[in-house]
Every structure is written in C-alpha cells, then in structure tokens.
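Chemist: Structure provided below as structure tokens; questions to follow.
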C-alpha cells in the first residue's frame, strides 16, 4: 500500500528529516511511528500525502509513484488518504455536521450522498447526538472524533494520524484508539505517529522507530522501546 | 469536475461581506479609474464625430445661404476652380447635408424632426494646396463676403481647438486613469490575498481532503471579478447619466460654429461601456488569479 525506496528529505539542505529510508507497509496494516521530536515522523506522513517532496528516492502509494504524479492529480491522491492531527484542524465557525459535510462537498460529492453519509459516520464515531454543536462546545476527545469522522467519511485506503492523542488524557486516548482500531479492521491502512508509550505497548502492532531521520527499528507486534 | 454554482455563490458572497471596507476600496478605485478612462474615450469619440466633415485635407467649409441662387452658386464655384490655392472643392447639397445632420444629431430626434433639407445650408468643402493657417485664413476670407455665402468655417478653428482641448484634458484623464487602474489591480490583488488569509484554515482542510486547486481558486477569482464588475457598473452609470450629458451640453454651448457635432452617439456610448466592462473583468480576473496562484500552492 505504501512503499518507500531510499527516500531522503532534508530541509534547506541542512536538517535531515529522513535519511535513505526504505520500507513497505501492506494493505490493512496498523503501524506506529515512534521517535523523539524532530526524528522525522511528521515528515514521513507529509511525504506520503505529497505535502513534501523527497530529494531522493521514490514513494509509492497504492502502486503509484507519487513523485511522478502531475500536481493536478494530487487532490485525487489525497482523497484516498485521510489525515488527523494533534490539533484536530476543525473549522470553528462550522457545526460538527458541517465540518464533516464540508469534506464531502469540496470534493464534489452530490448532496444526497452528503446527507446520508455524514449522519452515518457521526453515528459511527459516537457523535450522533452532537451534530449541530460547534467544535468549541465539545471536549478534546469529541473534537478528535469529529476529525476522524471527517478523515474517514470518504472511506480512504489510508489513514495518517499525526499524534492524534497528543492533546488528550489517557482515558480519552483509549477511546480514540478503539475507534482507530475499528477503522483499521475495515481494511484501512493506518499509520500513526505517536509519543504515547502506553498506547503502543498495549496495542502491540508494528512499530517503526526513527532517530534523526534514520529507521533504526522495524518490528512487528513491537513495543515503544 | 463539476463546480457547483450555489457553492461558488455562497462562498463569494460571504467573502465579499467579510471584508467590506477593503472590498469597497477596490470597488471605488475601479469606479474612479474606469469613469476617467471611459470619459477620455468618450471625449475622443466626440472629437472624432466633430471632425468628421473635415476629413481628407479639408481646411475650410463655405456654407451657403439655403436661399442662394444658381448664379451666385456658379460664381462661387468658378472662383474656387480658378483659384490656384485651392487643390479641390467638393459641393455638398442640401440632401447630403441633411444626412450628415441626422448622423451628427442622432441623439436628438426632436431636433432632427424640426429640420428639413430645404432649411439647411449647402456647402463647398475646400481642400487648399497649403495647410499654413495664415494662407488658409486669407483664402477662406475671400469667400466670406461673396453674395450667397452664409459663413466660412475653418478647420483650424474647430478641429484644432477641439483637439488641443482634448489633448489637454484627454491625455491627463488617460494618465490618471491608467495609474488608478494599476491601483485598482493592486487593491483587488490584496483584497483577495486578505480573503485567502482569512480563510486559510478552510483552505488547509480543503487541500487535506483533496479538493482540486480550481475548486479552491474559483470562488476567489469570482470575487475579484465581481468587485471589478460592481465598480464597472457604477462607472457605466456615471458615463451614461453624467459624462455624456455633460459632453452634449458642451456641444450645445454654442462656443463653436453651427454643426459643431461634438456629440457622443448611442453606439459610441455602448462600445465605450462594453470596453469599460471588459477592462473591469480583465483586471478583476487577472488581479485575483495572480493572488490565487501566488498564495495557493498544492
């Protein structure tokens, strides 16, 4: 599903974010990216989304070399990739329903699809009763559920999560991880960058550890360190 | 990919109102610049119309009394033919004068109705050998006193005076208009940039979920075009209801001899207005497109 071949990415030619990284992630896998801040986890995710370009090496997503993708096709790549973040990136002036509907509207989905899909996905993430609330009326965990609903409403092949529990307390984090696990079980490949030791140790999934841009460990059913 | 019209309309409307002061600044600049620009063009059209009868090297016109006798006319014609200073003299009869009158006063049908060919003066359109104003003046004056002559009108009196006036006014108008158009362009550019900055979170999410570039861009470009079009609409109103009546008034002022024809026809006004609207669309589209392409990368 995701394949990196000798990928190197530096910022301004000095800071090395990723050094000669090669790896393959299969369809339906759940992968944790661990490592200190600045070890290259976020860059890894941004490269898959083609928000960044590697200096060297090739990146394949769903069998396609995304470096060779013309820029007008990049949106179509991103429709197959859902993204969630530590800071949720919800729109404060839109309700829960509108935030999720927005993601479908801007890729041109017809209205009847929006009207059926959005309530269904919000029900799935457990926010069926909060559809007309605004983000600032929700707890952090609920906001992250909205952002997961938005990322998943289009049924992407891949879900990229950049420290999704970074702002949440442990109990709430467990709920979010259950949700991500459920999404993974539908066949969606999940790649999650995290600092959360207890989550990694409980879930026991594949762990890839980065250190200053290099992959220093790749372990199936791994632990945080 | 289909971009929904109601989506674009909603986004554009909310953008316009979010930024009322900046939008107004752009619109007003467009109004002033295009009004100046259009006025300069209308003035030039007026000059062209007024000078119509002096085309082809004609330096003066000998207008005859409508009641002139054949003998008197023949004697003037002979004098013109025999004069070595006259290169060419063309007779324009009353019917042709009436046609010309109808053309010049197409805007005042009431006036045309009160006129019939018999009361209009026939004329000789005279092209002298030289263009030296002193010589032309002396030449024309020799005909002014002849029996049956109503009036001699000189091109340098009419054409040159109009052209000098136009050059003074028109060139300054155009220069100011061009400067203001540049200002309008930059204001639209900046308004769109601010609008995009205000909506950067939305844009970020849109890119994230895979909205196409054009889907993100179109509402901003439409916003730029609408700002310019609002300005153009006001400018068109100004030109139709203020500038043109003013030009018409100038021609009725009797500062110039009869048939001055310093008028703007409906066709002139229409082309100028269309041009103004076209320029508005262009600066709105280009200003916003430049902003959008500079500040919206994939």
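Values in this text are rule-based calculations from the coordinates and carry no lab data. Computed from a predicted model, the values in this text were never measured in an experiment. Cβ sites come from the backbone with ideal geometry, for glycine too, and all protein chains shown count toward neighbours.
Chemist: Determine how many Å³ per residue the convex hull of the Cα atoms of chain A encloses.
Modeler: Roughly 121 Å³ of hull volume per residue.
Chemist: With label points built 7 Å along Cα→Cβ from the Cα atoms of residue B:200 and residue B:164, find their separation and express it in nm.
Modeler: Distance between label points: 5.9 nm.
Chemist: Where does chain B land at 222 nm, in deg cm²/dmol rounded to the nearest 500, when only DSSP H runs of n ≥ 4 count, each adding -39500 (n - 2.57), divided by all residues?
Modeler: -23500 deg cm²/dmol
Chemist: State the percent of C-alpha pairs, over all pairs in the range B:100-220, separated by a distance greater than 22 angstrom.
Modeler: 69 percent
Chemist: Further question on the same structure: Quick one: if the Förster radius is 25 Å, what FRET efficiency do residue B:110 and residue B:275 give, using the C-beta to C-beta distance and rounding to 0.05?
Modeler: With R0 = 25 Å, the Cβ-Cβ based efficiency is 0.30.
Chemist: Using 7 Å Cα-to-Cβ label points, what is the residue B:70/residue A:202 separation (nm, one decimal)?
Modeler: My value for the distance between the label points is 12.1 nm.
Chemist: Evaluate peptide A:103-113: per residue, the Cβ atoms of other protein chains within 10 Å of its Cβ; return the mean as an integer.
Modeler: 4
Chemist: Give the separation of the Cα centroids, the range B:126-199 to the range B:56-81, in Å.
Modeler: What the calculation gives is 30 Å, centre to centre.
Chemist: Each label point is 7 Å from the Cα along the Cα-to-Cβ direction; what then is the distance between the points at residue B:9 and residue A:218, in nm?
Modeler: 5.4 nm
Chemist: A follow-up question, please. Could you compute the FRET efficiency for residue B:178 and residue A:155, with r as their C-beta to C-beta distance and R0 at 56 Å, rounded to 0.05?
Modeler: E(calc), rounded to 0.05, equals 0.55.
Chemist: Then there's this: Going by alpha carbons, how many degrees (0 to 90, nearest 10) lie between the helix axis of A:111-124 and the longest principal axis of chain A?
Modeler: 80 degrees
Chemist: Please state, to two decimals, what the Cα-based radius of gyration of the protein assembly as shown comes to when divided by 2.2 N^0.38 Å (N = residues).
Modeler: Rounded to two decimals, the normalised Rg is 1.61.
Chemist: Enter the Cα centre distance for the pair the range A:2-45 and the range A:114-136, rounded to the nearest angstrom.
Modeler: The distance from the Cα centre of the range A:2-45 to that of the range A:114-136 comes to 33 Å.
Chemist: Still on this structure, please answer the following. What does the structure give for A:47-57 when I average, per residue, the other chain Cβ atoms found within 10 Å of the residue Cβ?
Modeler: Rounded to a whole number, the mean comes out at 1.
Chemist: Shifting gears a bit: Cα axis of helix B:266-295 to longest principal axis of chain B: angle in degrees, 0 to 90, nearest 10?
Modeler: Once rounded, the angle reads 30 degrees.
Chemist: Using just the helices of chain A, give the 222 nm mean residue ellipticity in deg cm²/dmol: DSSP H runs with n ≥ 4 each add -39,500 (n - 2.57), and the total is spread over all residues, rounded to 500.
Modeler: One gets -10000 deg cm²/dmol as the mean residue ellipticity at 222 nm.
Chemist: Ignore the peptide's own chain and count Cβ atoms of other chains within 10 Å of each Cβ in B:199-206; give me the average, rounded.
Modeler: Average per residue, whole number: 4.
Chemist: Over chain A, what is the percentage of antiparallel beta bridges among all DSSP beta bridges, to the nearest 5?
Modeler: Looking only at bridges with both residues in chain A, the antiparallel portion is about 50 percent.
Chemist: For helix A:140-152, report the angle its Cα long axis makes with the longest principal axis of the Cα atoms of chain A; keep it between 0 and 90° and round to the nearest 10°.
Modeler: It works out to around 80 degrees.
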